[in-house]
Amino acid sequence: MYLEMKDISFTYKQTDAYVLTSFNLIVEKGEIVSIIGSSGSGKSTVLRLIAGLEVPAQGSISINNTIMVDDNIFVPPERRNIGMVFQDYALFPHLSVSENIAFGISKLSGKERAERVAGLLHLMQMTEYGDRYPHQLSGGQQQRVAVARALAPKPHLLLMDEPFSNVDSVLKEKMRQEIRAILKAEAATCIFVTHDKADEANMSDRTIQM
């Protein structure tokens, strides 16, 4: 196994009701797993717990046989090597496409950084867009930049929360195929939340029903 969530329970501070109770999840290396379910079922909470943005009331999470959180350990988000793609893509408006992708790989040398950005632009079929800014891109193009930025540091895991919510139906079908191919090319392990059964059918190797 690559990711294991074991006996996870979680409640938000403003309520006594548990969002998750004794939740378990195992994901293998390179697997693409979709999480579906009704609103409030805890789909996005699972991603936030894996990323370290929330702390479980009980249980443990390990990635690649390293404990990220349990009763005694908490590894902060910045040390988990996890990429996240949010619903609104969260691109930096004042940075170009290339600069957005390079944002999380500043520790690399200039040459290594340029090579990584160029490789991802090529993979995303956006080589000619490197100097453009987010407002000059379509929703689908912004999505690809957000995925490229999340993949740039070569994270252990890529987490995507409703990644196609802002994309029209025609483009959405193409994006599913492209991003699945990209994830497989990068050998990336991915968990994504969706409410769309077509996302589940066309993107994932396996589905978790919440």
Within the range 46-59, which residues are closer than 18 Å to residue 78 by Cα and either among the small types (Gly, Ala, Ser) or touching a strand residue (DSSP E or B) at 6+ places or on another chain (Cβ under 8 Å) (or both)?
46, 47, 49, 50, 51, 52, 54, 55, 56
In the range 133-178, residues that are touching a residue at least 12 places away in the same chain (Cβ under 8 Å), farther than 27 Å from residue 27 by Cβ and either small (Gly, Ala, Ser) or in contact with a Lys or Arg (Cβ under 9 Å, 6 or more places away or on another chain) (or both) total 4
Matching residues in the range 105-120 (in contact with a Lys or Arg (Cβ under 9 Å, 6 or more places away or on another chain) and either touching a residue at least 60 places away in the same chain (Cβ under 8 Å) or surrounded by 18 or more Cβ atoms within 10 Å (Cβ to Cβ) (or both)) number 2
Applying the selection to the range 140-170, what residues are buried (at least 16 other Cβ atoms within 10 Å of the Cβ) and either of a type in the set (A, V, I, L, M) or over 17 Å from the mean Cα position of the chain (by Cα) (or both)?
145, 146, 147, 148, 150, 151, 152, 157, 158, 159, 160, 167
Among residues belonging to the range 164-181 that are assigned to a loop (DSSP other than H, G, I, E, B) and not polar (S, T, N, Q), point out the one that is farthest from residue 45 (Cα to Cα).
168
If I filter the range 65-80 for residues that are within 26 Å of residue 142 (Cβ to Cβ), of a type outside the set (Asp, Glu) and in contact (Cβ under 8 Å) with a residue 60 or more places away in the chain, do I get at least one hit?
yes
Residue in the range 182-196 that is over 16 Å from residue 34 (Cα atoms), under 12 Å from the mean Cα position of the chain (by Cα) and part of a helix (DSSP H, G or I) present
no
Of all residues in the range 126-163, count the ones that are part of a helix (DSSP H, G or I) and among the hydrophobic types (A, V, I, L, M, F, W, C).
6
Name the residues in the range 1-48 that are among the hydroxyl-bearing types (Ser, Thr, Tyr), touching a helix residue (DSSP H, G or I) at 6+ places or on another chain (Cβ under 9 Å) and without any contact (Cβ under 8 Å) to a residue 60 or more places away in the chain, would you?
12
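One line per residue, one yes/no per condition, for (1) touching a strand residue (DSSP E or B) at 6+ places or on another chain (Cβ under 8 Å); (2) of a type in the set (Ser, Thr, Tyr):
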position	(1), (2)
2	yes, yes
5	yes, no
33	yes, no
36	yes, no
42	yes, no
76	no, no
84	yes, no
99	no, no
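Laboratory data are not the source of any read-out in this text; all were calculated from the coordinates shown. It should be emphasised that the depicted structure is a prediction, and the values quoted were computed from it without experimental measurement. Glycine gets a Cβ as well: all are built from the backbone with ideal geometry, and neighbour counts include every protein chain shown.
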